[in-house]
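The values are calculated or read from the model by the stated rules, or taken from the named source; none is laboratory data. Everything numeric here is computed off the predicted structure, so don't read it as measured data. Here the Cβ positions follow ideal geometry from the backbone for every residue, glycine too, while neighbour counts run over all protein chains shown.
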């Protein structure tokens, strides 16, 4: 019996996910190549691999009780000097993310854990790189905006190579909603900022 490192997150959909991952790489954050763009619900957590079925059952219950909600990203923020992170802010959907992460980490569940810092939903765009590059990320993405309907979350496992891979998606309400062909990811009716 071994252990695995898992995480639970809301994926930032395309084309936004790839764009932000490419920008993160362009700032010199090499780890970005193995981290899909996301909003964390459960940070990296080590569990026995035999616990994965219980984790999946727990996450299925959380997702089944959940409902889709609007997510909107806008502008940048930072956790510096406490933590060397620059992020894109979650300006709509933050309360729903906060509720979800509490349900995922529920004390009676298989991935109950305390956090090192208070939960703050965000999308990391620079982590642990030099200050000049962090400042550049903060400035260059300060006007970034994206929105989409959040319809669920996913369980990821970090491989021995450091790359995070999706194990399973958990749609809200227990039903899988297929992607709509040609559906826009961004609401073009929003005024430009």
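In the set 62, 39, only one residue is in contact with a helix residue (DSSP H, G or I) (Cβ under 7 Å, 6 or more places away or on another chain), touching a residue at least 40 places away in the same chain (Cβ under 8 Å) and part of a helix (DSSP H, G or I); that residue is 62. Check whether at least one residue in segment 5-14 is touching a helix residue (DSSP H, G or I) at 6+ places or on another chain (Cβ under 7 Å), assigned to a loop (DSSP other than H, G, I, E, B), buried (at least 16 other Cβ atoms within 10 Å of the Cβ) and modelled with pLDDT of 95 or more, and report yes or no. For segment 5-14, residues touching a helix residue (DSSP H, G or I) at 6+ places or on another chain (Cβ under 7 Å), assigned to a loop (DSSP other than H, G, I, E, B), buried (at least 16 other Cβ atoms within 10 Å of the Cβ) and modelled with pLDDT of 95 or more: present.
Within segment 30-60, the only residue that satisfies the criterion of being buried (at least 21 other Cβ atoms within 10 Å of the Cβ) and modelled with pLDDT under 95 is 32. Residues of segment 68-97 that are over 17 Å from residue 146 (Cα atoms), under 15 Å from the mean Cα position of the chain (by Cα) and surrounded by fewer than 15 Cβ atoms within 10 Å (Cβ to Cβ): 95 alone. One residue is enough: does segment 129-145 have a residue meeting the conditions touching a residue at least 60 places away in the same chain (Cβ under 8 Å) and in contact with a helix residue (DSSP H, G or I) (Cβ under 6 Å, 6 or more places away or on another chain)? No: zero hits.
In segment 95-135, which residues are within 24 Å of residue 58 (Cα to Cα) and in a strand (DSSP E or B)? Working first, answer last.
Going residue by residue through segment 95-135, those that are within 24 Å of residue 58 (Cα to Cα) are 95-122.
Scanning segment 95-135 gives a single hit, 122.
Apart from one condition, residue 25 fits all of (1) surrounded by fewer than 17 Cβ atoms within 10 Å (Cβ to Cβ); (2) farther than 19 Å from residue 165 by Cβ; (3) touching a helix residue (DSSP H, G or I) at 6+ places or on another chain (Cβ under 7 Å); the exception is (2). No other residue among 56, 14 is touching a strand residue (DSSP E or B) at 6+ places or on another chain (Cβ under 9 Å) and either under 13 Å from residue 150 (Cβ atoms) or touching a residue at least 60 places away in the same chain (Cβ under 8 Å) (or both) apart from 56.
Identify, by number, the condition in (1) within 19 Å of residue 6 (Cβ to Cβ); (2) at pLDDT 95 or above that residue 77 doesn't meet. Residue 77 satisfies every listed condition except (1).
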